[in-house]
Every structure is written in C-alpha cells, then in structure tokens.
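In what follows, a structure is listed as structure tokens, so that the remarks can point back to it.
The values are calculated or read from the model by the stated rules, or taken from the named source; none is laboratory data. Predicted model only: the values in this text are computed from it and were never measured. We place every Cβ from the backbone using ideal geometry, glycine too, and count neighbours over all the protein chains shown.
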Amino acid sequence: MKAAILHEFGRSLTFEEVAQPQPESGDVLINVEACGVCHSDVHVADGDWPQLAKVVKKPLILGHEICGRVVKKGATVRNLQLGDLVGLPWLHWSCGECEFCREGNENLCTRQKITGVTVDGGYAEFVAAPASHAIKIPAGLSSLQAAPLLCAGVTVYRALKRANISPGQRVAIFGLGGLGHIAVQIARAFGAEVIAIDISEAKLTLAQSLGAAHTFDAASSDVAKTIRKMGGAHVALVASAAKEAYEKAFQSLRPSGTLLVVGLPASDICFAPILMSAREVHIQASAVGTRQDLREVLLMAAEGKVRCETVARPLTQVNEVINELRRGQITGRAVLTRQSS
C-alpha cells in the first residue's frame, strides 16, 4: 500500500510502497477514506515535544483522525462487521485495568498506545486497529465530516464538558482553527454566550456564522480588557498553540473563572501565582477524550448540533498541508482523502 512516512524529525514525509498491515485476532483492517491533519501531527513531525519524541515510532505513518470502512476482521471480533464505517482516534488502545481506566479516564491510561505516534496511523491506504477502540460512525455522517471529530472534536468536547458550563455563562474561545471552530459550536450547544478571538478575519467570520455572539481581532484590540468590561469570561478555552493566546485568555477571566488548556505551545506557559490566588483562577487541562466522550460528540454531529468546516486534500499533498498548517493558513480542518473533492 502507499503511505506517507516520517523518517526523521523536521524532514518532509516521503511517499513509499509499504506492506499492508494484517489484523490480529481482535483487530480490524480499515480502508482509510479520510484522515484529518491535526496540529499535533506537525508537532510530532517536528519533534517539538521532547517527552513525546522519546516514544515516537520511527519510521512512522502519522495521522490520528481516521475514518474508513472495515474490510477485514480478526477471528474474535464481534462488535463490527465488514463494511462498517468506523473512526480510529488518538487513543489507539487502553488496557482497561490500570487505575485511570478503572476510574473512567482511559485517555490517561498508563499503558496506552497512540495512533500515529507509537503505532502507525492513517496517512496511508489501510490501517489496522483493535476492534475495541474503532468507533462506529453514526448514520448520516460522512467520513469527511466525522474525521475531524476524532481528535479536534472530542478534545474540545471533553474540555468544555468537564468545565460544567451553565446556560448564559460567557465562554471565550481563543484560536478558531480546527479545534476552535468546533468549540464555538459545542459551547453554544451548552447554552453559553460565546466570545471568539483570533487574528484572522476569515476565521472570525466563520465563528460568527457558527453562533459566536462576539468576535474580536486579537491583533487590533486589547481583547482581555474588553472581555473584562463585559464581566470577564467564566471559561476561556485556548485552542491556539501561541503563548500570547494563553496570556490574553488568563487576563480575560473573571474571578473564579476557568482556563482550559487545549492548544499546546512548543514552550512552557506561566502565570503569576499572586493573580491565580487572588482571583481563585482554575486551570484545567484536557487530554483528548475517552471512547464515551467520542460517542457523545459524534452523536451531537449526527443530530446537526456540530459541523466541521473541512477542506478535502489528496494524500499526495500532505507536506503542503502540513506547511500551510504551520503558517496558520487553514480555516477549519484539512482532511486527507484518496482524491480531493
């Protein structure tokens, strides 16, 4: 099969003919129809995260927003049938036995395998995966629409769900790319008054069309001061990888507000302890999501509450897509397909 391969950090992916994976007894073989390109793929390809770089498989097939059809299954697989449309997310496998799995936090599993990081992912024609972790896509959702929900969607969904948002609360979304434009819709579905912040006019226009009550250009105004004048954000979700976005988000919070850490800068972020203490700020991170989180956000999409702004690009253009993502030139989510559509 054809696949885009990462051999060394910081190098372009190379297209090669490699052996088609074969499913073991509890696995399925998926014919990939669509695979979203996540900013985490860029960080992995560039070796930006030293902690993660230590476990990255090389050579590696990237991609963890995979959607496709089951074309072969192992002898013990009962939950899936040939022809089923399934999604394969970041969480490739979890043990089900460790403390975190038993607590319902399988996304923190101490033995987890990560799609497109520790095992091969979806920048290829086929991928093999445990049937237990391949999630059936609800009827009515296409591969193109479902793929970005397998990481971008479930990540912001889990973060906002755990923030326990009440109707009418102000939720500020910093960064309106692949994750942020989905976060706007989920926050709206939770009844929030959404404030959308970016430096791209096109992304601000998209956020407004998706239900944001207020949009602000972070490059041309003091957005933190403006939001504080509105009463401050009850919740500020950062879906950007820019440190400046975190600084503005922190400053925009009302006392007792919650900062949701979703976007991942390559360098550390830091806030003044006196301000954290004096305002009783909550800082809460979110690590992708569980299979149950994923089922819930897929159902929201099937019900029409969430839609992804997608651009289909052929797999052969993956290096161009990654470079465009580095430059912040993609609105919504780029999704790799066999052919563009």
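Here are the numbers for this structure:
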read-out	value
Within the stretch 97-118, tally of residues that are of a type outside the set (Phe, Trp, Tyr) and assigned to a helix (DSSP H, G or I)	6
Residue ID - modelled with the highest pLDDT, chosen from residues in the stretch 260-276 that are surrounded by 14 or more Cβ atoms within 10 Å (Cβ to Cβ) and either in contact with a helix residue (DSSP H, G or I) (Cβ under 6 Å, 6 or more places away or on another chain) or more than 22 Å from residue 165 (Cα to Cα) (or both)	260
Residue match in the stretch 6-17 (condition: within 25 Å of residue 110 (Cα to Cα), among the polar types (S, T, N, Q) and assigned by TED's automatic domain parsing to the domain that holds residue 80)	no
Single match in 156, 171 (criterion: assigned to a helix (DSSP H, G or I), out of contact with any Lys or Arg (no Cβ under 8 Å at 6 or more places or on another chain) and either more than 30 Å from residue 59 (Cβ to Cβ) or among the hydroxyl-bearing types (Ser, Thr, Tyr) (or both))	156
Test for residue 57: is it among the basic types (Lys, Arg) and in contact (Cβ under 8 Å) with a residue 60 or more places away in the chain	yes
Criterion (crowded, with 17+ Cβ neighbours inside 10 Å and among the basic types (Lys, Arg)) met by exactly one of 279, 228, 254	254
Count - residues of the stretch 199-224 that are part of a helix (DSSP H, G or I) and either touching a residue at least 12 places away in the same chain (Cβ under 8 Å) or on the phi > 0 side of the Ramachandran plot (or both)	9
The stretch 12-50, subset among the acidic types (Asp, Glu) and touching a residue at least 24 places away in the same chain (Cβ under 8 Å), residue surrounded by the most Cβ atoms within 10 Å (Cβ to Cβ)	41
When residues of the stretch 62-91 are limited to those that are surrounded by 24 or more Cβ atoms within 10 Å (Cβ to Cβ) and aliphatic (A, V, I, L, M), the one farthest from residue 20 (Cα to Cα)	91
Selected residue (only one of 210, 176, 206 is touching a strand residue (DSSP E or B) at 6+ places or on another chain (Cβ under 8 Å) and among the hydrophobic types (A, V, I, L, M, F, W, C))	176
Meets criteria (buried (at least 24 other Cβ atoms within 10 Å of the Cβ) and either assigned to a loop (DSSP other than H, G, I, E, B) or basic (Lys, Arg) (or both)) for residue 178	yes
Given (1) in contact (Cβ under 8 Å) with a residue 60 or more places away in the chain; (2) surrounded by 22 or more Cβ atoms within 10 Å (Cβ to Cβ); (3) in contact with a Pro (Cβ under 7 Å, 6 or more places away or on another chain), number of the condition residue 6 does not satisfy	(1)
Residue 140 in the same structural domain as residue 262 (by TED's automatic domain parsing) and either surrounded by 20 or more Cβ atoms within 10 Å (Cβ to Cβ) or not in a helix (DSSP H, G or I) (or both)	no
Selection status of residue 336, more than 18 Å from the chain's Cα centre (by Cα), aliphatic (A, V, I, L, M) and closer than 25 Å to residue 52 by Cβ	no
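Residue-wise test of (1) assigned to a strand (DSSP E or B); (2) closer than 25 Å to residue 309 by Cβ; (3) among the aliphatic types (A, V, I, L, M).
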position	(1), (2), (3)
11	no, no, no
22	no, no, no
25	no, no, no
32	yes, yes, yes
40	no, yes, no
44	no, yes, yes
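Condition check ((1) among the hydroxyl-bearing types (Ser, Thr, Tyr); (2) modelled with pLDDT of 95 or more; (3) outside the structural domain of residue 138 (by TED's automatic domain parsing); (4) part of a strand (DSSP E or B)) across all residues:
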position: 52; (1), (2), (3), (4): no, no, no, no
position: 71; (1), (2), (3), (4): no, yes, no, yes
position: 77; (1), (2), (3), (4): no, yes, no, no
position: 81; (1), (2), (3), (4): no, yes, no, no
position: 86; (1), (2), (3), (4): no, yes, no, yes
position: 95; (1), (2), (3), (4): no, yes, no, no
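Listed here are the residues, each with its yes/no results for (1) crowded, with 24+ Cβ neighbours inside 10 Å; (2) closer than 24 Å to residue 329 by Cβ; (3) in contact (Cβ under 8 Å) with a residue 40 or more places away in the chain.
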| site | (1), (2), (3) |
| --- | --- |
| 154 | yes, no, yes |
| 157 | yes, no, yes |
| 168 | no, no, no |
| 172 | yes, yes, yes |
| 183 | yes, yes, yes |
| 190 | no, no, no |
| 197 | yes, yes, yes |
